[in-house]
Amino acid sequence: MLRTWLCLALLALPAPAAPAPDTETFGGVGISLGLPGGSPTALAVMPGSPAGRAGIKPGDRIRKLDGQSLAGLTLEQVVKKVRGPVGSQLKLSLVRDDDPKTLEVILTRETIKQDPASQFALARQGAEKGFPDSQANLGFLYYKGQGTARDYDQALHWLRQAASGGSASACFYIGLMSYHGEGLPQSPTEAYYWWRQAAERGFPGAQHNLGHLYFSGEGVTRDLVQSYRWYWLASQGGIESAAKNLEKVEATMTPDQLAAARALTAPAPAAAAEGKSPQPSPPAKPQALSAEDLKALDDQLLP
């Protein structure tokens, strides 16, 4: 499942039986994290968790962990720092919009139980606070029926809110629903519209699917140069099937088309050194997705 947030802790539990396959356990403090504006932020807080008992609120921004700045770290890197052995401590330095002072809290990690129901509850909390990442996650959970009954109307409601807030993953899933006719009239043209938005924001899955649409001519005029370009970008984002599809596209291209495609994907300095005319640069550097997220994308990609 594509997630831009992770539940980092739940209540301590007494030595439970082996968890269900869709349940994960680890040590944490009870925060769902995101990076709105590039700053590690609590999107939701589990009631009764270490973070909840310490008074951490949704919207609190984490500036330091154990005295070290978190600036410039990816969400996955922040998560790894917050997680740790049960019983170990960490100190968070927080900034709150309505309080000019830095808040210092010391928390003791407890056992996490992360399952679909807890994921849904945290996504709902963050979505209702207006965080696009949480809205996108809540829309995804309604779309897949994870932690709640499948509901395409609710999925679209939250995905559209997230998309209006700039969420690339929300645009991707609206495009997927349009392409497959799930809760929306089936329309490759509409799918192209949404995937183009997500692709321009660097979402590898959307870049891959745009490559397919340009190759097949679904929803857009067939264009092998653009197909190559988007598959190439998706491959840079870690989509293995995009690299294989590049070979398929290349095999059907004329030498001129291949030269034009490679010019679009060449780094600007290399193109200049070869004396070529300036070409449009790639729209956005592909987002760095975790191995878990890349694996979860497999069944969302067009052939």
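Does region 201-208 contain any residue that is of a type in the set (D, E, K, R) and under 18 Å from A234 (Cβ atoms)? Yes; the residues of region 201-208 include at least one that is of a type in the set (D, E, K, R) and under 18 Å from A234 (Cβ atoms).
With the condition kept exactly as written, say whether any residue in region 204-219 is aromatic (F, W, Y), touching a helix residue (DSSP H, G or I) at 6+ places or on another chain (Cβ under 6 Å) and free of Cβ contacts under 8 Å to residues at least 40 places away in the same chain. I'd like the intermediate steps shown before the answer.
So the first thing to find is which residues in region 204-219 are aromatic (F, W, Y), and the list is 214-215.
Still in the list and also touching a helix residue (DSSP H, G or I) at 6+ places or on another chain (Cβ under 6 Å): 214-215.
Adding the requirement that they be free of Cβ contacts under 8 Å to residues at least 40 places away in the same chain leaves 214-215.
Among the residues of region 204-219, at least one is aromatic (F, W, Y), touching a helix residue (DSSP H, G or I) at 6+ places or on another chain (Cβ under 6 Å) and free of Cβ contacts under 8 Å to residues at least 40 places away in the same chain, which makes the answer yes.
Show me the strands (runs of 3 or more DSSP E) entirely contained within region 40-135 in which 1 or more residues are buried (at least 17 other Cβ atoms within 10 Å of the Cβ) and in contact (Cβ under 8 Å) with a residue 40 or more places away in the chain. Working first, answer last.
Numbers: elements: 41-45, 61-65, 89-96, 99-108.
Once the strands (runs of 3 or more DSSP E) in region 40-135 are filtered for at least 1 residues that are buried (at least 17 other Cβ atoms within 10 Å of the Cβ) and in contact (Cβ under 8 Å) with a residue 40 or more places away in the chain, what remains is 41-45, 89-96, 99-108.
When S235, S281, S241, S290 are checked against the criterion of being more than 30 Å from V79 (Cβ to Cβ) and either modelled with pLDDT of 95 or more or of a type in the set (G, A, S) (or both), a single residue qualifies: S281.
Scanning region 205-251 for residues that are part of a helix (DSSP H, G or I) and among the acidic types (D, E), which turns out farthest from A261 (Cα to Cα)?
From region 205-251, those part of a helix (DSSP H, G or I) are 205-216, 224-236, 240-251; that's our starting set.
Next, from what is left, pick out any that are among the acidic types (D, E): 240, 247, 250.
Details: E240: 19, E247: 13, E250: 9 Å.
Of everything passing the filter in region 205-251, E240 is farthest from A261 (Cα to Cα).
Of the set (1) under 26 Å from A163 (Cβ atoms); (2) touching a residue at least 24 places away in the same chain (Cβ under 8 Å), all apply to G37 but (2).
Just a yes or no: is a residue in region 204-217 under 19 Å from G139 (Cβ atoms), crowded, with 17+ Cβ neighbours inside 10 Å and of a type in the set (G, A, S)? Within region 204-217 (the criterion being under 19 Å from G139 (Cβ atoms), crowded, with 17+ Cβ neighbours inside 10 Å and of a type in the set (G, A, S)), the answer is yes, since at least one residue qualifies.
Entry remark, region 29-39: residues being assigned to a loop (DSSP other than H, G, I, E, B), under 19 Å from the mean Cα position of the chain (by Cα) and of a type in the set (A, V, I, L, M) number 1 in total. Quick check on region 146-162. Is at least one of its residues surrounded by fewer than 24 Cβ atoms within 10 Å (Cβ to Cβ), modelled with pLDDT under 95 and closer than 22 Å to L301 by Cβ? The answer is yes, given that some residue of region 146-162 is surrounded by fewer than 24 Cβ atoms within 10 Å (Cβ to Cβ), modelled with pLDDT under 95 and closer than 22 Å to L301 by Cβ. Hey, any hits in region 117-135 for a residue that's among the acidic types (D, E) and over 12 Å from the mean Cα position of the chain (by Cα)? So far as region 117-135 goes, yes, one or more of its residues are among the acidic types (D, E) and over 12 Å from the mean Cα position of the chain (by Cα).
The values are calculated or read from the model by the stated rules, or taken from the named source; none is laboratory data. In this text, all values refer to a predicted model and were calculated from it rather than measured experimentally. Please note: Cβ atoms are built from the backbone with ideal geometry, for glycine as well, and neighbour counts cover all protein chains shown.
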